[in-house]
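Just below is one structure, and these are the notes that go with it.
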Amino acid sequence: MIEFLQQLINGVSLGAIYALIALGYTMVFGVLRFINFAHGDVYMIGAFAGLYAGPKALRLFGGQPGYIAALLVLLFAMTVCAAVGIVIEFLCYRPLRSRPKLSVLITAIGVSLFIENVCQDSHVFGPNPQAFPTIINDTAIEIPSSWGTFADLTVTTSQILVIVVTAGLLLLLTQIVLHTKLGMAMRAVSFNSVASSLMGVNNDLIISFTFGLGSSLAGAAGILTSIQQPSIDPLMGILLGLKAFVAAVLGGIGNLPGAVLGGLLIGVIETMVVGYVSPTYRDAIVFGVLILILIFKPSGLLGRGQREKV
Amino acid sequence: MFNSHIFRLALFLAAGCCAALGEEDIRVGEFASLTGGSASFGQSSHKGTALAIDEINGAGGVLGRKLKLIFEDDQSLPGQPATIVRKLISQDKVAAVLGEVASSKSLEAAPICQENHIPMISPASTNPKVTEVGDYVFRICFIDPFQGTVMAKFALSKGWKKIAVLTDVKQDYSMGLADAFVKGFTANGGQVVKEQKYSTGDKDFKAQLTSLKASKPEAIFVPGYYAEVALIARQARQLGIKVALLGGDGWVGDSLLEVGGKALDGCFYSCHFSAEDKAPAVQNFVARYKAKYGSEPDDMAALGYDSAGILAEAIKRAGATDGPKLRDAIAATKGYAGVTGTISLDAHRNAEKSAVIETITNGAMHFVETVTP
């Protein structure tokens with residue numbers, strides 16, 4: 001029982017990362033109806049932004065790891081990623097906007113491979129795993145022994161942090177999307193981009209904004225994972241990006257709460273498979289879930305079915 | 001007129017060749033990577049080999065003749081070892097070949113030595129396939145599974161009876177060590193309480209570690225490579241697993257301590273050689289190596305040193321340098337006192353020797369003991 005609860009905690013904290021990245025996939029799909037496969041690489045760039053900003057932020061605080069330093073690193077990585085996301089959209093996707101969706105999709109795969117391989121050059125990041133600086137003392141939180149058997153559970157600072165930050169960013173995101181003028185414009189573009197531009201919405205601006213917002217979430221995910229697993233390399237975003245994509249589809253692509261639900265589910269499923277079935281089948285089962293969802297509920301758990309108008 | 005010129009030239013060349021091939025020196029070929037990806041291994045092993053040859057010559061050589069080391073850099077490139085070894089055998093007429101550290105390179109050179117009946121001694125290729133090429137191919141390091149046996153014996157000597165195993169399913173190296181460990185440990189009264197797996201490149205091990213923790217092991221055997229082991233150690237400590245982690249020489253890598261940090265304190269792993277070993281032979285070697293190169297010898301340097309030593313001793317016993325006789329003499333090596341332990345070669349031309357156990361305290365690696373299987 002304790003082991004199961006512990007696996008659940010592990011799964012949720014892993015799933016929170018998937019959720020953050022899945023949000024980016026889902027938002028871009030919402031406005032542009034295509035999958036930005038370079039999103040996992042933006043996440044990787046976020047982690048490397050933290051690698052460079054981390055020591056500098058620590059120096060500001062006398063070399064002591066702490067929450068303010070971590071917050072600075074987090075904000076820096078989110079800004080860098082937002083910029084990278086906007087630039088990618090501007091250079092690679094905007095010129096193709098009127099072309100068939102397939103062209104943009106293939107371009108996205110190209111952009112992803114480009115980033116991965118350029119970053120492996122030893123003048124950029126280099127191919128080897130690098131140690132991420134300790135910006136937060138990641139320790140286990142003592143559970144009082146009065147809790148009986150629950151005292152055997154371990155929750156670490158970083159696990160709590162991941163869940164808190166993810167929940168906070170999700171709240172902020174829903175506020176932006178549902179209660180601001182920008183958010184309303186985003187929803188309008190998503191609903192019907194031709195009509196929205198007729199109504200005076202600057203579609204280009206809104207799409208850039210969406211890319212920036214989604215990419216900044218990926219940047220946050222990059223920092224949060226690196227705090228937990230302080231070894232980063234240029235290919236870290238490939239598998240994670242794919243799984244986050246599965247999470248977005250599972251929850252219903254284009255649907256924000258769906259992305260979070262999908263992320264958490266994938267995290268928990270993955271952890272349980274490793275803990276109780278076999279680690280070898282971990283990825284097979286995750287992608288098996290994708291196939292099942294596409295067969296039985298193509299619009300995802302929270303997605304609304306869309307009928308093609310003839 | 002013209003013909004006589006050519007004739008003279010030919011005579012001159014022939015004379016030159018004969019002088020170079022005179023009975024003075026015994027030629028020994030060596031190939032290693034001084035440049036390229038695995039240069040750090042190759043440089044060490046070459047320094048060790050060269051030191052041994054110098055010392056043997058300083059003490060009068062073997063069979064009243066000096067040893068002459070003919071060295072070629074294979075630049076860490078595939079394809080190079082084959083070219084180099086062909087050249088060493090056909091042009092330089094070496095009596096034996098020493099090399100390489102990387103198993104893949106030794107595997108390229110081994111068939112050529114085998115064909116030409118020239119003995120080859122690899123200082124550090126641990127892949128079992130290397131010596132399976134043929135009866136002219138030897139190695140003086142232990143093979144992968146052996147470290148599992150050593151760690152099983154070490155764990156039992158520590159009084160640990162219940163151990164969990166965490167294996168990297170993508171690495172033959174890891175699987176081999178784990179198999180040998182489980183066999184050796186259970187045969188001698190130990191109990192493997194749980195086995196879990198991961199794959200190279202994984203970053204999150206909390207699920208595996210949680211399941212291992214529930215089995216309440218007294219230590220965990222993690223025979224993987226340093227990149228994953230460092231993360232495993234950190235996450236184990238975060239989950240409140242306080243027992244020691246055990247592993248093999250795959251742990252030795254730059255980023256192990258950088259990433260793992262304090263989480264690795266009190267863990268143990270096996271390797272070939274420790275410069276901290278207090279045995280007089282080792283300390284003498286360390287002092288001479290430092291005097292010549294100004295740095296401390298590592299595993300590869302010590303293995304390179306022993307490979308040349310074993311060859312010289314075999315030439316002495318053979319009393320000759322022709323292939324078959326020398327091969328038999330190398331194969332008969334028993335109880336050679338090297339700096340990496342007492343080495344005997346078994347029927348499969350692999351070394352039977354002791355391994356060194358090291359521990360990590362306060363972010364540094366220290367010698368613990370030597371274990372003989």
(request) Starting from one equal scatterer on each C-alpha and no solvent at all, send me the Debye-based log10 I(q)/I(0) for the stretch B:99-224 at q = 0.11, 0.15, 0.18, 0.22 Å⁻¹, two decimals. (result) -0.48, -0.75, -0.90, -1.11
(request) Per DSSP H run of n ≥ 4, the term is -39500 (n - 2.57); total these for chain B, divide by its residue number, and report the mean residue ellipticity at 222 nm rounded to 500 deg cm²/dmol. (result) -14500 deg cm²/dmol
(request) Enter the angle in degrees (range 0 to 90, nearest 10) between the Cα long axis of helix B:39-58 and the first principal axis of the Cα atoms of chain B, meaning the one along which they spread out most. (result) 50 degrees
(message) Just to confirm the number: angle between the C-alpha axis of helix B:172-187 and the first principal axis of chain B, 0 to 90 degrees, nearest 10?
(response) 60 degrees
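For B:Cys113, B:Cys271, which order do you get if you count the other beta carbons within 10 Å of each Cβ and list the fewest first? Could you put the intermediate results ahead of the total?
Values: B:Cys113 27, B:Cys271 21.
In order of increasing Cβ crowding within 10 Å: B:Cys271, B:Cys113.
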(message) Going by amide H atoms built from the backbone, whose H comes under 5 Å of the H on B:Ala219, apart from near neighbours?
(response) B:Ala164
(message) Under the rule that an exposed site lies in a DSSP loop and has at most 16 other Cβ atoms within 10 Å, name the longest stretch of chain B with no GluC sites (Glu not before Pro) of that kind, not counting the sites themselves.
(response) B:25-275
(message) Along the charge dipole of the protein assembly as shown, pointing to its positive end and built from +1/-1 on Cβ of Lys, Arg, Asp and Glu, which listed residue (A:Ala284, B:Thr321, A:Val12) has its Cα farthest out?
(response) A:Val12
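Within a 10 angstrom radius of each residue's Cβ in A:12-20, how many Cβ atoms of other chains show up on average? Whole number is fine. It would help to have the intermediate numbers written out before the result.
Working: counts 0, 2, 4, 0, 0, 1, 0, 0, 0.
Mean inter-chain Cβ contacts per residue within 10 Å come to 1.
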(request) Measure nothing but the geometry: give the 0 to 90° angle between the long axis through the Cα atoms of A:157-179 and the longest principal axis through the Cα atoms of chain A, rounded to 10°. (result) 20 degrees
(message) Per-residue Cβ counts within 10 Å, from other chains only, averaged over B:208-216: what number is that?
(response) 5
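Kirkwood hydrodynamic radius for chain A: how many Å is it when counted over pairs of different Cα atoms?
On the way: mean 1/r = 0.0498 Å⁻¹.
It works out to 20.1 Å.
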(request) May I ask you to derive the FRET efficiency for A:Leu242 and B:Ala331 from their Cβ-Cβ distance with R0 = 41 Å, giving the value to the nearest 0.05? (result) 0.20
(message) Explain nothing, just compute: Karplus ³J(HN,Hα) = 6.51 cos²θ - 1.76 cosθ + 1.60, θ = phi - 60°, for every residue of the stretch A:236-246 in order, whole Hz, x for Gly and Pro.
(response) 5, x, 5, 5, 4, x, 5, 5, 5, 4, 4
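Among B:Lys316, B:Lys278, rank each residue by its count of other Cβ atoms within 10 Å, from fewest to most, as a rough exposure measure.
B:Lys278, B:Lys316
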(message) Placing +1 on the Cβ of each Lys and Arg and -1 on the Cβ of each Asp and Glu in the protein assembly as shown, which of B:Gln283, A:Pro133, B:Pro373 has its Cα farthest towards the positive end of the resulting dipole?
(response) A:Pro133
(message) Per-residue counts of other Cβ atoms within 10 Å, averaged by peptide: what ranking do you get for A:193-200, A:77-84, highest first?
(response) A:77-84, A:193-200
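Give, in whole angstrom and from largest to smallest, the semi-axes √(5λ) of the equivalent ellipsoid of the stretch B:82-145, with λ running over the eigenvalues of the Cα gyration tensor. The partial results should precede the final answer.
Values: eigenvalues 76, 21, 18 Å².
Values for the stretch B:82-145, descending: 19, 10, 10 Å.
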(request) Assign unit charges at the C-beta atoms only (+1 for Lys and Arg, -1 for Asp and Glu), then state the dipole size of the protein assembly as shown relative to its Cα centre in Debye, rounded to the nearest 20. (result) 1540 debye
(message) For a quick check: sort B:Ser344, B:Ser122 by the number of other beta carbons within 10 angstrom, fewest at the front.
(response) B:Ser344, B:Ser122
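Please give me, ordered by residue number, the trypsin sites (Lys or Arg not before Pro) of the stretch B:190-272 that lie in loop per DSSP and have at most 12 other Cβ atoms within 10 Å.
Here the sparse-neighbourhood loop sites are B:Lys242.
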(request) Give the calculated FRET efficiency between A:Asp121 and B:Gln91 to the nearest 0.05, with a Förster radius of 56 Å applied to their Cβ-Cβ distance. (result) 0.90
(message) Please list, in order, the residues from the stretch B:91-124 whose amide nitrogen is less than 13 Å from a point placed 7 Å along the Cα→Cβ vector of B:Lys316.
(response) none
(request) Can you figure out the FRET efficiency of B:Glu369 with A:Ile2, using R₀ = 45 Å and their beta-carbon distance, to the nearest 0.05? (result) 0.75
(request) As a check on your grasp of the helix formula, calculate [θ] at 222 nm for chain A: sum -39500 (n - 2.57) over DSSP H runs of n ≥ 4, divide by the residue count, round to the nearest 500. (result) -23000 deg cm²/dmol
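Subtract the Cα-Cα distance of B:Leu156 and B:Glu195 from 0.36 nm times their separation in residues, and report this length gain in nm to one decimal.
Details: separation 39, 0.36 × 39 = 14.04 nm, distance 1.79 nm.
That pair, B:Leu156 and B:Glu195, stretches by 12.3 nm at full extension.
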(message) Please compute the contact order of chain B in relative form: average sequence separation of alpha-carbon pairs under 8 Å and at least six residues apart, divided by the residue count, as a percent.
(response) 17 percent
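How big is the charge dipole of chain B about its Cα centre, in debye rounded to the nearest 20, if each Lys and Arg gets +1 on its Cβ and each Asp and Glu gets -1 on its Cβ? The partial results should precede the final answer.
Numbers: 39 positive and 41 negative charges, 139 e Å.
Value, rounded to 20: 660 debye.
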(message) As an exercise, find the ratio Rg/Rh for the protein assembly as shown from alpha-carbon atoms, using the Kirkwood inverse-distance average for Rh.
(response) 1.08
(request) If a/c stays under 1.5 just call it rounded; otherwise compare a/b with b/c (prolate if a/b is bigger, oblate if not). Do that for the stretch A:1-136, with a ≥ b ≥ c from the square roots of the Cα gyration tensor eigenvalues. (result) oblate
(request) Could you pull out the chymotrypsin sites (Phe, Trp or Tyr not before Pro) across the stretch A:57-159 that fall in loop regions by DSSP (anything but H, G, I, E, B) with no more than 15 other Cβ atoms inside 10 Å? (result) A:Phe61
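I want the antiparallel fraction of DSSP beta bridges within the protein assembly as shown, as a percent rounded to 5. Intermediate results must be reported in sequence, preceding the final value.
Numbers: 21 of 52 bridges.
Counting DSSP beta bridges with both partners in the protein assembly as shown, the antiparallel share is about 40 percent.
Readers should treat all values here as calculations from the given coordinates under stated rules, not as data from a laboratory. Quick caveat, the model's predicted, so the values are computed rather than measured. Glycine gets a Cβ as well: all are built from the backbone with ideal geometry, and neighbour counts include every protein chain shown.
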